[in-house]
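Worksheet for the structure shown next.
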Amino acid sequence: MAKAEQPALAGPEKAELDAAFEQLYRDHLRDVYSYSYYRVGNHHDAEDLTEQAFLQAYRHFERARRESNGRPLRPWLIRIAHNLASNYHRDRARRPQSALEHADPIAAPHPTERVVEGRAELKHVMESLQELPDDRREALIMRFALGMDNREIARALGRTDGATKVLIHRAIKQLEKEMGADE
Amino acid sequence: MSEREPSQADVEKLLRSALRPIEPPEKLPDRVEETLTAVTEAAATELSAWAEELSDSELASLRDPRNWVRPAAAAAAGGVAGGALLLFEMRRRRRPGGASALARELRSRLP
């Protein structure tokens with residue numbers, strides 16, 4: 001990252017911008033990777049998405065920083081990963097699937113099945129999580145895997161704080177029901 | 001699992017346990033840094049080749065990072081960002097005439 005350059009800027013400005021981007025990258029690599037991993041379900045694609053997310057972030061970093069008015073950039077970064085993951089799923093949905101993919105869920109296990117391996121209770125919550133609508137599940141990933149607060153999640157999802165609070169409340173309520181119904 | 005319906009607190013506790021942060025693979029930071037370096041070096045090379053030939057307005061437009069990194073970002077859109085970007089850089093280096101030839105070619109496509 002030390003060699004990363006923004007050639008259109010003057011020396012001191014460029015160095016300052018590069019340093020800021022490097023800090024953002026170091027602070028949030030795990031966040032972006034975690035979010036990508038929970039969205040796509042495997043390390044290989046999560047790595048690709050993480051790399052693409054940071055490339056896009058670098059491309060727009062100067063403007064994002066200028067327009068953030070000093071607010072943290074994590075929601076913006078996660079929003080990039082969120083959009084890339086949505087594109088990933090849309091592209092996969094368009095692609096014809098083989099019969100094997102339809103018939104054998106073990107061929108593409110959800111990552112959390114490995115994460116919570118051997119713990120039935122946690123498997124149960126993850127299976128129930130899969131039953132939630134996408135936006136509810138994504139909000140819960142941001143809240144619990146990344147530790148984002150309502151305001152950060154709202155910015156990442158492009159919603160109001162109030163709508164986000166309701167979204168998360170409903171997600172947890174639905175999860176309670178799903179888990180209760182399965183018992 | 002108990003027979004009672006789990007409370008909100010139970011569910012939140014389970015979610016905290018299940019949705020743990022995932023540590024990126026050790027190789028990932030190197031991969032991302034190499035890609036960013038390849039992209040920025042390619043852009044810097046092209047910019048230096050163009051600098052003497054471009055008008056003030058063209059130079060001004062290049063100050064917007066959305067312009068100078070666009071070719072590389074477009075190559076990344078296919079889901080193979082690292083490979084594609086490095087390939088982009090390698091192809092650029094292999095091209096006869098090097099950066100100047102590429103700059104002329106790209107410049108000929110400008111409106």
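Things worth noting here:
- Matching residues in the range B:8-40 - criterion: being more than 7 Å from chain A (Cβ to nearest Cβ) and farther than 19 Å from A:L49 by Cβ: B:A9, B:D10, B:K13
- Every residue from the range A:135-149 that is closer than 11 Å to A:P75 by Cβ and in contact with a helix residue (DSSP H, G or I) (Cβ under 7 Å, 6 or more places away or on another chain): A:M142, A:L146, A:M148
- Listing of helices (runs of 4 or more DSSP H) fully contained in the range A:106-183 that carry 1 or more residues being surrounded by 18 or more Cβ atoms within 10 Å (Cβ to Cβ) and at pLDDT 95 or above: A:134-140, A:150-157, A:161-182
- Among the residues of the range A:62-78, those that are in contact with an Asp or Glu (Cβ under 9 Å, 6 or more places away or on another chain) and either without any contact (Cβ under 8 Å) to a residue 24 or more places away in the chain or over 13 Å from A:H28 (Cβ atoms) (or both) comprise A:E62, A:R63.
The values are calculated or read from the model by the stated rules, or taken from the named source; none is laboratory data. Keep in mind that this is a model prediction, so the values were computed, not measured. Ideal geometry is used to build each Cβ from the backbone, glycine not excepted, and the neighbour counts take in all protein chains shown.
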